[in-house]
1. May I ask you to derive the FRET efficiency for A:Lys239 and A:Lys42 from their Cβ-Cβ distance with R0 = 25 Å, giving the value to the nearest 0.05?
2. May I ask you to give the solvent-accessible area per residue for region A:132-229, in square angstrom, as obtained with a 1.4 angstrom probe?
3. Can you compute the FRET efficiency between B:Phe33 and A:Lys223 using 1/(1 + (r/R0)^6), with r the Cβ-Cβ distance and R0 = 60 Å? Round to the nearest 0.05.
4. What total accessible surface area, summed over both chains, is buried at the interface between chains B and A, computed with a 1.4 Å probe and given in Å² to the nearest 100?
5. Please list, in chain and number order, the residues 5+ apart from A:Gln4 or on another chain whose amide H is under 5 Å from its amide H, with Hs placed from the backbone.
6. How high is the relative contact order of region B:47-120? Use alpha-carbon pairs under 8 Å, at least six apart in sequence, and give a whole percent.
7. Using the beta-carbon distance between A:Thr160 and B:Phe204 and R0 = 51 Å, what value does 1/(1 + (r/R0)^6) give for FRET efficiency, to the nearest 0.05?
8. Pull out the extension gain between A:Glu184 and A:Glu249, defined as 0.36 nm times the separation in residues minus the alpha carbon to alpha carbon distance; nm, one decimal.
Protein chains: 2
Amino acid sequence: MYFQLTDDEKFYSKPDLTLEETGNFAYENALDFIALGFKPEKTKIIINTKNIQTLYPIAAKVAKKINFSNTKATFGFTNETNIGMIFYTSLQSAPCFIEDKPVLIPLGVDQDPHFRLTRDIAPKIGKPKPALIHNIMIPGLKGPGGKMSASDESGTIYTTDTPNVVKKKINKYAFSGGQTSVEEHRRIGGNPDIDVSYQYLRIFFEQDDNKLKTIYDDYKSGKLLSGELKAILIEKINKFLSIHQEKREKAKDQIDKFLFENK
Amino acid sequence: MYFQLTDDEKFYSKPDLTLEETGNFAYENALDFIALGFKPEKTKIIINTKNIQTLYPIAAKVAKKINFSNTKATFGFTNETNIGMIFYTSLQSAPCFIEDKPVLIPLGVDQDPHFRLTRDIAPKIGKPKPALIHNIMIPGLKGPGGKMSASDESGTIYTTDTPNVVKKKINKYAFSGGQTSVEEHRRIGGNPDIDVSYQYLRIFFEQDDNKLKTIYDDYKSGKLLSGELKAILIEKINKFLSIHQEKREKAKDQIDKFLFENK
């Protein structure tokens, strides 16, 4: 399993971030998935700037097969798009082609256009097409429509947030499917299908389908209030994070074992 | 002194060349200027693919300051240009910005647009603007208008050509300012100003201005025939190459000392 940490993409697209800052994002990401239990024998972290020696020759081959029209059609680039962004897709494709094996790429649907382009190119450079799995998109705290984005602090729970910060963010920002007053909520009931706290329980934090069903029904009937639903989520998140953050600390000594080595 | 050997530019622009083949061009180039006497203490060879670890973070910064419109205006790129070519200018700029010192770049005028762009970018990334010296363009064997290009074999003397090949190329391809028959040449005289053999003597091979003047006058008056002029050049080139090729052989053991090391 390769994890490509794109410490330069943000660098291209956010003029206010230094390479060091985006490098830190990559490092923090790495700690997270080491903490989640990936094994160093099977997992290699590719960091664009660190592994550019490996990626660049592949990207150079890929780049020859993509023209500006392709990137316009795929990403909506314009004449004002910077040339780093334009080139970037060839770098992002490179990990698919390090080995001659077919690869499987789990991705959010927003990344799909990119890898469709990669699939088109694969046969042109004599490599198997990567297969794609579309992962579910996690909604941002602020509700339906947006995805969780690391650059929107108030819309995102970070894996490094303290229990208090988590509590504050959920209570203040988590989009609610509840009614504006307790009375109305009891009468009409909430809408769990658009309630972000419920969605987080469904996607991540409540493993037990029966319990999830009870929460869904109680919320919908008005028996469970928004504040109570949020309290359930806050407790679940903080329980997860307290263990996760411990593992993250330990991961700091492990990270070298995970780094991809240029040949 | 940095020499940037762009083993990937050809790779981007020539679909029929492998990275290995363009790498060989870079290696052969390096042997040439080591043979010409550059000293390893003062000279570092930067090879794009080998030193990408150093160049890429700089190129990423540069790339953010150049958009597709800039490259269109500068290089005449179109929607069909591949994204490697589009990105390429930021890589070619990178050696100017490895250190914080002002740099001086000797270049053929055809490379001028590129470095004008580099000069525009320098202050935007907090670096001094590179200064440029325009070197004379060496005409191709086939005559005025073209420059010598490594990819046109019959228009180019390679530093690895044997004496016989040099003789054949000059006699067969070197554009002549002479007349179509000896009689006419004696009567009208030749035109040294467009004669490639004369130009090579002027630019490279005849250091003595008085001798050069005599050749010029004799050719112009018709006293010196085209074949005779070519013979002078052939002898000069082959004398130079026999020494140069010996030095190139010795350079093979030296090349490691010249390679730029990534930090």
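The values are calculated or read from the model by the stated rules, or taken from the named source; none is laboratory data. Keep in mind the model is a prediction, meaning the values are calculated, not measured. Note that we place each Cβ from the backbone using ideal geometry, even for glycine, and neighbour counts take in every protein chain shown. Note: accessible area is taken over every heavy atom of the protein model, side chains too, but ligands, DNA and RNA are not part of it. Shrake-Rupley method; radii C 1.70, N 1.55, O 1.52, S 1.80 Å.
1. Plugging the Cβ-Cβ distance into 1/(1 + (r/R0)^6) gives 0.35.
2. Averaged over the residues of region A:132-229, the accessible area is 57 Å².
3. It comes to 0.15.
4. Using a 1.4 Å probe, the pair buries roughly 2900 Å².
5. A:Ile46
6. Over region B:47-120, the number comes to 40 percent.
7. 0.20
8. 18.9 nm
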